Amino acid sequence: MSYFESKHKCSGVCNPAYWYYSLDLSNGIPTNNCVGYLKSEVGNNLVYLGITALVTAFVLIVVWLF
């Protein structure tokens, strides 16, 4: 959370938290949540894992059939 708070000035996942976990309280109350930023940063990396899993599954099914 401290990475996302420092980079995007957000707090909380589903709803904005009442305070920041790692930022100073002088920054004010958080106004947005971090779920969108989390999805954009993690989702891009998981696409390649999903493609690899699908290709591997296809190869294993073909091997099983023969």
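Side notes on the structure shown:
- Taking the chain as a whole, the Cys residues whose C-beta sits 4.7 Å or farther from every other Cys C-beta are 14.
- Full-stretch length increase - residue 60, residue 44 - with 0.36 nm per residue and alpha-carbon distance subtracted: 3.2 nm
- Hydrodynamic radius of the chain per Kirkwood, over alpha carbon pairs, in Å: 14.2
- Taking the C-alpha atoms only, the angle from helix 35-65 to the longest principal axis of the chain is near 10 degrees.
Every number here is computed from the coordinates shown, using simple stated rules; none is lab data. Since the model is a prediction, treat every value here as computed from it, not as a measurement. All Cβ positions, even for glycine, are placed from backbone atoms using ideal geometry, and neighbour counts span all protein chains on display.
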